[in-house]
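> Here it is, the structure in full.
Any read-out appearing in this document is the output of simple, stated calculations on the displayed coordinates, not a laboratory observation. Just so it is clear, the structure is predicted and the values come from calculations on it, not from any experiment. Heads up, the Cβs are rebuilt from the backbone with ideal geometry, glycines too, and the neighbour counts pull from every protein chain shown.
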Amino acid sequence: MISFIVPAHNEEAWVGRCVSAIRNGAESLGEPYEIIVVDDGSSDATASIAQQQGAQVVRVEHRQIAATRNTGAQQAHGDILFFVDADTLASAPAIQSALCSIRAGAVGGGCVPRFEGWLPWWGRLTEPLIGPAMRLARFLPSGTFLFCTRSAFQTTGGFDENYFAWEEVWFVAALKRQGRFAILAETVVTSGRKFREHSFWSISRLCMHLILRRSRALRSRKGLEYWYEPERGKVKL
């Protein structure tokens, strides 16, 4: 079985499309699959929309993405695990390519995201550089679409719950120590809202915070409002 794990917090605007995209891609495989939405403390219609789309919903109150992903993996029955962000639309080609990579010997992998919607000037300048930089460095600091074997997940210990952000960086590094990590040629579409909701200067302050405090900055939600308190609905240039 293939398990798709979707961590979600107040994602009523996206989770229905996310689950539908996964279902459409998975059904083209002709293999058994499950979709698990891990609803982490949502106060909106995230859970009901996900259920309407046929997903299994698990409720947690972690407010931490690493712990939420790990809970989904614990509930999953598949021997191949996909972690798909709730604001991301997985495609059939990406899912098929991921399975081919696993069955060719990779322990895991991921793909480069493309951002939907209008982007501010600095987002438009940044987006074309992301894919080539990730592929050149063989480095994927994005958890929008990750996959791995269950055995590799268990060997790594899963996502490190000491971190409240960028937990995928440590997870990917741990997977690479287990074997080949594939960065797919295919892409997935993810929300561009972070570019729209945060200004260039707020992102610059966040980067400085991370540079100065390094990994210590990721061990608490304080200072990580970019991930935990999005200013939705506000557009900044």
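> Among Trp118, Trp170, which comes first, then next, by fewest other beta-carbon atoms within 10 Å?
Values: Trp118 11, Trp170 17.
Exposure proxy ranking, most exposed first: Trp118, Trp170.
> Between Arg114 and Glu27, take the C-beta separation as r, use R0 = 30 Å, and let me know the FRET efficiency to the nearest 0.05. Please list the in-between numbers first.
Working: r = 23 Å, r/R0 = 0.76.
Calculated value: 0.85.
> Further question: Ranking Val189, Val37, Val19 by Cβ neighbours within 10 Å, fewest first, what do you get? List each step's numbers first, then the result.
Values: Val189 20, Val37 30, Val19 25.
Lowest count first: Val189, Val19, Val37.
> Using the charge dipole of region 2-193 (Lys, Arg: +1 at Cβ; Asp, Glu: -1 at Cβ; taken about the Cα centre), state which of Ala55, Ser43, Gly78 has its Cα farthest towards the positive end.
Selected residue: Gly78.
> So how much slack lies between Asp44 and Glu186, counting 0.36 nm per residue of separation and subtracting their Cα-Cα distance, in nm?
Numbers: separation 142, 0.36 × 142 = 51.12 nm, distance 3.21 nm.
Difference between extended and current length: 47.9 nm.
> Stretched out fully, how many nm does the piece from Asn162 to Gln178 gain, at 0.36 nm a residue minus the Cα gap?
Working: separation 16, 0.36 × 16 = 5.76 nm, distance 2.10 nm.
Extra length available between Asn162 and Gln178 comes to 3.7 nm.
> Still on this structure, I have one more. Assuming R0 = 25 Å, what is the FRET efficiency of Ala13 and Lys222, from their Cβ-Cβ distance, to the nearest 0.05?
Values: r = 27 Å, r/R0 = 1.06.
With R0 = 25 Å, the Cβ-Cβ based efficiency is 0.40.
> How much of the DSSP beta bridge set in region 2-193 is antiparallel, as a percent to the nearest 5?
Values: 10 of 33 bridges.
Of the beta bridges lying entirely in region 2-193, close to 30 percent run antiparallel.
> Also, I was wondering about something else. Just to check I understand the Karplus step: with θ = phi - 60° and J = 6.51 cos²θ - 1.76 cosθ + 1.60, what whole-Hz values come out for region 76-85, glycine and proline as x?
In residue order, the calculated couplings are 6, 10, x, 9, 10, 10, 10, 10, 10, 5 Hz.
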